[in-house]
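Have a look at the structure below before the remarks.
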Amino acid sequence: MTTDTFFLLLASLLAVPICWSIPRDFRDDGVALFTFAVLAWLSLISALWLAVSSCVTVWALAATRRSRNPNVIYGVAIAVILFPWLFAREFEAWQMIGAAYFTLRNLHVLLDGWMDRDGSEVSLREMMHYQFYLPVLTAGPIHRLPTFRRSLRLRRFDRSEVAVGAERALLGLAMAAILGTGVMGSVQMRSMDLISNHHPFLRDWLASVLHWVQLYFVFAGLSGYAVGVSQMMCLNIEENFNRPFLSSSLLDFWSRWHITLSSWCRDYVFQPATAATRRPIVGLTAAMLAIGLWHETSVYYLLWSSWQVLGIVLNRLLMGLSAELGLTLHASASKIATPIAILTWLSLARPVINLVLGAGQ
């Protein structure tokens, strides 16, 4: 866990007393200003770009209502919002905190406006409350504007809700710091030492298995911390993980892992691509490419996305074949075998792709 991450976690906790100490009508303004100050302290360019991109989003929504060519405005606004994030990813000196998350939140608002969905209209003040919300800057979730706006409107102080949120935040922090960073970090180091003389493919595979487990503890823990701190402010935001390694299939896994990213890609990539082509496989491929390239723009993640699509297709074919032949595992055996099979497929991506890329050089 980096120093910046720890600072953001601590500042998120400080946002709770700030929230409850400000008069109700200005409570969310205070949290947004505090978030801007914290973000500017760590990365001024991140704070400024978040403010500018939020203004661009609100301007585009307003401009399209009086324009004869709204599609042009939406297209330009999306390009303006996407380019700095993609540019910053390629240059370390321009790295922005939380950009991957707040960019998708801006796009969500713009795309809802483009699709003329209910609740897509938003004022600049509401947008700043939504985007400058400190708990989600570290590791998401990519919460949605309508849900957040409704939660703000219905918020009432509840001592028991604050207590439950504090417990959730503490458990999330322990999960990320102790299990993810501490325990799994130590396990990774010792495991790699033990197999240092084995075949590179096996080393890559074991490293990938341990990375997935560590990633779950850290990422799910930080997301749980954000949900808990939000509960301490009596706000409900979307869950990001739902016991993904207890999934019944690979497709089920992707509906439980990083839920807000998966649902974002389902709504804004998979469904439009499927509707346009009438081919679910095209929608699935486009959605997995979006998930892969969201992490990094590289050949590795292009192949990684293809690997996940292949896994889902094979999973569906095997499930269909098993149903036709009447082959089913006992429920107890399935609960053990399915998570192992899922983790095996996920972790095989790294050694297989590294082998392919190595052979191609």
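Just a few scattered comments:
- Förster-model FRET efficiency, 30 Å R0, Leu202 and Ser255, C-beta, rounded to 0.05: 0.45
- Ranked list, fewest to most other Cβ atoms within 10 Å of each Cβ, for Ile281, Ile142, Ile18: Ile281, Ile18, Ile142
- Exposure proxy shown here: for Val209, Val38, the number of other Cβ atoms within 10 Å sets the order, fewest to most, as Val209, Val38.
- Loop sites in segment 152-225: trypsin sites (Lys or Arg not before Pro), DSSP, at most 12 other Cβ within 10 Å: Arg156
- Cα-based helix-to-principal-axis angle, 331-360 vs the chain, degrees rounded to 10: 90 degrees
- Net charge over other residues, Cβ less than 12 angstrom from the Cβ of Asp252 (K, R count +1; D, E count -1): +3
- Dividing the Cα radius of gyration of segment 159-232 by 2.2 N^0.38 Å, with N the residue count, gives 1.43.
- Additional length obtainable on full extension of the chain from Thr2 to Asp193, 0.36 nm per residue less Cα span: 66.4 nm
- Here is the P(r) of segment 170-325: all C-alpha pair distances, binned every 5 Å from 0, give 2, 8, 12, 16, 18, 16, 13, 8, 4, 1, 0 in whole percents.
- The shape of the chain can be summarised by an equivalent ellipsoid whose semi-axes, obtained from the alpha carbon gyration tensor, come to 35, 26, 21 Å from longest to shortest.
- Range of Cα positions in segment 244-360 per principal axis (Å), largest first: 42, 38, 25
- From helices alone, the chain scores -24500 deg cm²/dmol at 222 nm; the rule is -39500 (n - 2.57) for each run of n ≥ 4 DSSP H residues, then divide by the residue total.
- GNM top mover of Thr138, Thr338, Thr103 - the chain, alpha-carbon springs below 10 Å: Thr338
- Average Cα contact separation per residue, segment 1-154, under 8 Å, 6 or more apart, as relative contact order %: 30 percent
- The length gained by stretching the chain between Ala40 and Leu317 to full extension, at 0.36 nm per residue less their Cα-Cα distance, is 94.7 nm.
- Gain on full stretching of the segment that runs from Arg65 to Ala174 - 0.36 nm per residue minus C-alpha separation: 34.5 nm
- ³J(HN,Hα) computed for each position of segment 201-217 - Karplus, 6.51 cos²θ - 1.76 cosθ + 1.60, integer Hz, glycine/proline x: 4, 5, 5, 4, 5, 5, 4, 5, 4, 5, 5, 4, 5, 5, 4, 4, 4
Since every read-out is calculated from the coordinates, none of them should be taken as a lab result. Just so you know, these numbers come straight off a predicted model, no measurement behind them. So basically every Cβ, Gly included, is an ideal-geometry build from the backbone, and we count neighbours across all protein chains shown.
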